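The values are calculated or read from the model by the stated rules, or taken from the named source; none is laboratory data. Treat the numbers as computed from the prediction; the structure is a model and nothing was measured. Positions of Cβ are generated from backbone atoms using ideal geometry, with glycine treated the same way; all protein chains shown enter the neighbour counts. Quick note on the areas: whole protein, heavy atoms, side chains included, nothing else; ligands and nucleic acids left out. Shrake-Rupley method; radii C 1.70, N 1.55, O 1.52, S 1.80 Å.
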Amino acid sequence: MFSALCRRLVPLALGACFTASAFAASTPTGAIANQQARYIATYFPGRMTGSPAEMLSADYVRQQFAQMGYESDIRTFNSRYLYTTKDKRQNWHKITGSTVIAAHEGKASQQIIVMAHLDTYAPHSDTDVENNLGGLTLQGIDDNAMGVGVMLELAERLKNIPTEYSIRFIATTGEEEGKLGANNLLQRMSAAERKNTLLVINLDNLVVGDKLYFNSGKSTPASVRKLTRDRALSIARSHGIQAAINPGLNASYPKGTGCCNDAEVFDNAGIPVLSVEATNWSLGKKDGFQQRAKTHSFPDGTSWHNVRLDNQQYIDKALPGRIEHRGRDVVKIMLPLVKELAKAGK
């Protein structure tokens with residue numbers, strides 16, 4: 001499956017918590033993702049990097065991996081981001097983030113990373129606070145509890161399947177402050193680990209956008225794009241799921257490539273990536289930031305970081321069934337794709 005690429009690369013525990021393993025075998029596709037996303041959004045709102053909610057949610061995800069039988073741990077990192085006051089003064093906010101890593105070991109040394117950021121938006125300015133962006137009550141079901149939920153379902157359904165290549169499931173934080181966790185993850189990777197990373201799959205903002213997009217990195221080779229992005233679209237078509245690539249209507253964002261998420265860190269390092277997101281690359285500035293047409297429910301065509309909009313109660317009312325529908329669709333596409341790419345056995 002990855003032969004062309006390989007030739008190029010190789011000469012706080014809670015009193016009660018949700019347990020995917022208990023019903024995974026008997027539940028429909030997407031059910032675990034939906035349950036996990038709703039649990040994380042409900043019990044850990046305000047998952048700002050370095051906050052108690054972020055640390056608790058990271059430990060929860062670690063526990064979920066452990067209950068599946070994975071070796072899993074939490075790596076902390078120190079960083080900072082700029083905060084701007086009303087009078088335009090800027091100061092550094094220091095933070096300690098938590099990255100959760102679980103390992104599905106394969107037979108070969110090469111690996112595939114499946115990644116989703118766990119954190120929610122932290123206000124970067126007094127203006128953000130006034131506009132109700134981020135903060136302690138932001139559920140972040142779209143950005144990005146559902147991404148984490150899908151990752152957990154993939155981990156659950158793959159746990160007993162042998163694979164040729166290893167799979168690393170990683171929940172990052174610090175994404176909302178400038179991809180801090182992804183940068184720290186890359187910095188900690190040895191030269192050999194970077195070389196042996198065949199692909200990074202990033203799951204982000206899967207709910208509110210008009211349709212699903214599968215985009216490659218600017219540096220991802222054409223041979224890998226065919227095996228990843230194009231194959232994802234083919235699987236989507238086989239299930240009758242609407243999916244697309246960035247049409248390239250903005251010259252700054254070439255056709256079929258993604259932007260502005262954790263995958264970009266690895267793309268810039270020359271590691272192949274596949275970005276999975278829901279938005280609408282044909283609207284607004286055609287840069288992927290406008291998720292849908294502007295309506296009464298979504299006046300700006302987005303739910304980005306908005307406490308009132310990015311919560312499950314609001315989305316359930318404004319877009320009935322969307323949360324369940326998207327979780328199911330993404331897992332239907334990603335599960336067979338990851339199996340193919342990791343060369344899964346039976």
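For residue 110, what residues show an amide H to amide H distance below 5 Å, using hydrogens built from the backbone and excluding near sequence neighbours?
Distant-sequence amide H within range of residue 110: 166.
Based on the alpha-carbon gyration tensor of segment 181-229 and its eigenvalue square roots a ≥ b ≥ c, which shape applies: rounded if a/c is under 1.5, prolate if not and a/b is larger than b/c, or oblate?
oblate
Calculate the length of the line joining the C-alpha centroid of segment 250-280 to that of segment 210-230, in whole Å.
9 Å
How long is the gain from residue 230 to residue 194 if the chain were fully straight, where each residue apart is worth 0.36 nm and the alpha carbon distance is subtracted? Walk me through the numbers on the way to the answer.
Working: separation 36, 0.36 × 36 = 12.96 nm, distance 2.36 nm.
The residue 230-residue 194 span can extend by a further 10.6 nm.
Explain nothing, just the number: dipole magnitude of segment 259-301 about its Cα centre with +1 on each Lys and Arg Cβ and -1 on each Asp and Glu Cβ, in debye rounded to the nearest 20.
Around 300 debye, computed over segment 259-301.
Considering the alpha-carbon set of segment 37-141 alone, what are its Rg and its Dmax in angstrom?
Rg, Dmax (Cα atoms, Å): 16.4, 57.
Count the lysine pairs in segment 202-317 whose Cα atoms lie under 27 Å apart, taking only pairs 8 or more positions apart in sequence or on different chains.
For segment 202-317, qualifying lysine pairs total 18.
Does segment 267-334 come out rounded, prolate or oblate, given a ≥ b ≥ c as the square roots of the eigenvalues of its C-alpha gyration tensor, rounded meaning a/c under 1.5 and, failing that, prolate meaning a/b above b/c?
Working: a/c = 2.20, a/b = 1.34, b/c = 1.64.
The shape class here is oblate.
Which net charge results for the neighbourhood of residue 232, defined as the other residues with beta-carbon distances under 14 angstrom from its beta-carbon, given Lys and Arg at +1 and Asp and Glu at -1?
Computed value for this residue: +4.
Work out, in µm²/s and without decimals, the Stokes-Einstein translational diffusion coefficient of segment 85-171 at 10 °C, 1.306 mPa s, Rh from Kirkwood over C-alpha pairs.
102 µm²/s
What's the ranking of 190-202, 130-142 by average number of surrounding C-beta atoms within 10 Å, highest first?
130-142, 190-202
As an exercise, use a Förster radius of 41 Å and the Cβ-Cβ distance of residue 92 and residue 223 to find the FRET efficiency, rounded to the nearest 0.05.
Here the calculated transfer efficiency is 0.45.
What shape does the chain have by the C-alpha gyration tensor, where a ≥ b ≥ c are the square roots of the eigenvalues, rounded means a/c under 1.5, and otherwise prolate means a/b greater than b/c and oblate the rest?
rounded
Give me the number: length gained by fully extending residue 164 to residue 67, i.e. 0.36 nm times residue separation minus the C-alpha to C-alpha distance, one decimal in nm. Write down the numbers at each step before the final one.
Details: separation 97, 0.36 × 97 = 34.92 nm, distance 2.31 nm.
Answer, rounded to one decimal: 32.6 nm.
As I understand it, the dipole of the chain uses +1 on the Cβ of Lys and Arg and -1 on the Cβ of Asp and Glu, about the Cα centre. Which of 263, 224, 95 lies farthest toward its positive end?
The Cα lying farthest towards the positive end belongs to 224.
Roll a 1.4 angstrom probe over the protein heavy atoms and tell me the percent of accessible area of the chain that is carbon or sulfur.
51 percent
Could you sort 56-69, 271-284 so that the peptide with the highest average Cβ count within 10 Å comes first and the rest follow in order?
By packing density, highest mean first, the sequence is 271-284, 56-69.
Determine the dipole magnitude for the chain: charges of +1 sit on the beta-carbon of Lys and Arg, -1 on that of Asp and Glu, nothing else is charged, the reference point is the Cα centre, and the result goes in debye to the nearest 20.
1080 debye
Dipole of the chain (Lys/Arg Cβ +1, Asp/Glu Cβ -1, origin at the Cα centre): which of 64, 111, 293 lies farthest to the positive side?
So the residue we want is 111.
How big is segment 113-211 by the Kirkwood estimate over distinct Cα pairs, in Å?
15.1 Å
Per 10 Å bin, what is the whole-percent P(r) computed from every C-alpha pair distance within segment 303-346?
Values per bin, smallest distances first: 24, 33, 23, 17, 3.
Please sort 103-112, 116-125 by packing, taking for each peptide the average over its residues of neighbouring beta carbons within 10 angstrom, highest first.
Put in order of decreasing packing, that is 116-125, 103-112.
Counting only heavy atoms of protein chains, what accessible area per residue, in Å², does segment 265-346 have with a probe of 1.4 Å?
41 Å²
With a Förster radius of 41 Å, plug the Cβ-Cβ distance of residue 74 and residue 296 into 1/(1 + (r/R0)^6) and report the FRET value to the nearest 0.05.
The formula returns an efficiency of 0.45 here.
State to the nearest 20 debye the size of the charge dipole of segment 195-256 about its Cα centre, where the only charges are +1 on K and R beta carbons and -1 on D and E beta carbons.
Dipole about the Cα centre, nearest 20: 280 debye.
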